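Trainee: One structure follows; several queries about it will come next.
What follows draws every value from the coordinates through simple rules; no lab data is involved. On a predicted model such as this, the values are computed, not experimentally measured, just so you know. Please note: Cβ atoms are built from the backbone with ideal geometry, for glycine as well, and neighbour counts cover all protein chains shown.
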Amino acid sequence: MQNRDIVVVAVSTGGLAALEVLLGDLDPGLRASVFVAMHVDGYRSVLPSLLQNRTRWQVQHAEDGQPFAPGVVYIAPPDRHMILQHDATVLTRGPKENFTRPAADPLFRSAAVHYGPRVVGIVLTGRLDDGSAGLKSVHACGGFAIVQDPQDSVAQDMPANAIAAVPTAQVLPLQQIGNAMAKAINTTVAPRAAGSGPSETLRTESRMTETGQSSAAVLERIGRQVGLTCPECGGAIWRVDTGVPVRYRCHTGHAFSSASLNAAQAEQVDDAIWSAARLLRERILLASEEIATGGATADATGRLRASVAQWEAAYQQLRSLAATTDGPLAKTDIA
């Protein structure tokens, strides 16, 4: 028998305040290590120093190859995925997942593959659904799942999507999660039984993150190609069929859920509409300039006037379309 001693946390919008509550009264004597993936992308992060003033645990950015110890909170540094293997934190600048780096899913997935029942997965406030697939991996490998009550969250998306992915997760208001986490840590669990390890899909995806290597042949084993292209690199996309959440991967390693892919496509459509509107507006201005200065023949001026009317109508249609389509959703959120 062994204790749960690996805690992985996913958080985004409203994350600083949520982490302050989670860690604030946590007993530093708990025999566990805590690993936090918070969406900060490439921005400079002072999260460890901010949290250190609110908790008795030691808080620090993770370092590549650093053995981890109990009583320490490790924060994924900006622009690096943090994964766990061989009782050490490994940092990688591998392909983004859910359009962010660091992302929660690679952290959760690596913890699930390497530590199985010893893992406690926690999903807190945030937008979209990073952490949902990761929490499902933790649960599938025998770990314990906790989710912040969406009604208690600054941003409800991540908790709500995590609950959809793991319906049996313990759902609690933020103030109660620290106690639930401590109780889970102090609960002994049986080691993973022989032959009950991670699925091939989970092992394969974890290996992709660890090595930074992917290929069409590998993706054919765990998914099926669909008629979509990766918004990050333009490569072909495979759907990885693991149920909720629906997920996709490209052959260069980018991974995203249907929710995050939809958000990226919405942003691209929004950009395309406004780009087309700008180009039409410039054609209208150029033609109007030609008409006003008499730089064209009479016949050409007549054709320009007709074109300007058509372009103006199209321009107004594009503006109307931009106002009625879904606007882009933020890819990352800074607390």
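Trainee: Quick one: which residues, 5 or more positions from Q85 or on another chain, have an amide H under 5 Å from its amide H? H modelled 1.01 Å from N in the peptide plane, none for Pro or chain starts.
Mentor: V90
Trainee: For the chain, with a Gaussian network of springs between Cα atoms less than 10 Å apart, report the residue from E97, E205, E267 with the top mean-square fluctuation.
Mentor: E267
Trainee: Which whole-number percentage describes the relative contact order of the chain, with Cα contacts under 8 Å and a sequence gap of 6 or more?
Mentor: 18
Trainee: Of I222, I291, I273, which is the most mobile in a GNM of the chain whose springs link Cα atoms less than 10 angstrom apart?
Mentor: So, out of I222, I291, I273, the one fluctuating most is I291.
Trainee: What ratio of Cα Rg to 2.2 N^0.38 Å holds for region 2-189?
Mentor: 0.89
Trainee: Taking the Cβ-Cβ separation of C233 and Q66 as r and a Förster radius of 25 Å, what is the calculated FRET efficiency to the nearest 0.05?
Mentor: It comes to 0.25.
Trainee: Mind telling me which of T13, T125, T211 comes out most flexible in a GNM of the chain, alpha-carbon contacts under 10 Å?
Mentor: Highest fluctuation among the options: T211.
Trainee: Once whole DSSP H runs in the chain are found, which of them have Cα atoms spread over 30 Å or more along the helix axis and a mean Kyte-Doolittle score of at least -1.0?
Mentor: Membrane-span-like by this criterion, though nothing is claimed about a membrane: 258-293, 298-324.
Trainee: Let me check against my output: what whole-number percent is the relative contact order of region 214-253, with C-alpha pairs under 8 Å and at least 6 apart?
Mentor: Result for region 214-253 is 38 percent.
Trainee: Still on this model: What percent do you get for the relative contact order of region 1-53 when only Cα pairs under 8 Å and 6+ apart count?
Mentor: Averaging sequence separation for qualifying contacts and normalising by length gives 52 percent for region 1-53.
Trainee: Hey, fewest Cβ within 10 Å first, where do E200, E312 land in order?
Mentor: Ordered by Cβ neighbours within 10 Å, fewest first: E200, E312.
Trainee: Considering only C-alpha atoms, what is the centroid distance from region 79-104 to region 204-252, in Å?
Mentor: Value for the Cα centre distance between the two parts: 17 Å.
Trainee: Quick one, which of (i) 34; (ii) 52; (iii) 43 is the actual percent of Cα pairs over 29 Å apart calculated for this model?
Mentor: Identified label for the calculated read-out: (iii).
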